[in-house]
Amino acid sequence: MSEERERKTDGRRSWLDDPKTVRKIVLALFVLCGVLFFADGFYEKHSHFGVEDVFGFYALYGFVMCVVLVIGAKLMRAFLMRGEDYYDRDR
């Protein structure tokens with residue numbers, strides 16, 4: 001597969017191929033998430049439900065729901081997955 005990719009890019013490397021760049025992007029995302037999480041305490045909330053007033057509620061709720069979606073997808077994979085030759089069986 002790497003040969004095929006190398007042919008498509010003519011042997012040139014993308015700036016995203018450098019592990020240092022990827023590490024910087026991941027670090028920037030972590031910092032941004034942290035800043036937004038702590039920014040939750042600096043504005044007035046107009047909540048409909050009491051639980052929405054908990055510090056960092058939306059960040060925690062979003063993270064938990066993302067984890068639930070991933071686990072749900074893995075569970076659904078067990079009964080939705082078909083064989084590799086599913087569409088070519090009749091040929």
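Values quoted throughout were computed directly from the atomic coordinates according to the rules given, and no laboratory measurement underlies them. These numbers come from a predicted model, not from an experiment. In this analysis, Cβ positions are derived from the backbone assuming ideal geometry, glycine residues included, and neighbour counts consider all displayed protein chains.
Couple of notes before you dig in:
- Region 44-83: mean projected area of Cα convex hull, nm²: 3.8
- Summed side-chain charge close to Tyr58 - residues other than Tyr58 whose Cβ falls under 14 Å, Lys, Arg +1, Asp, Glu -1: -2
- Long hydrophobic helices in the chain, taken as whole DSSP H segments with a C-alpha length of 24 Å or more on their own axis and mean Kyte-Doolittle hydropathy at least 0.5: 19-39, 57-80.
- Options [x] 54, 39, 18; [y] 61, 40, 16; [z] 119, 36, 6 - which one matches Cα extents along the principal axes in Å as calculated here: [y]
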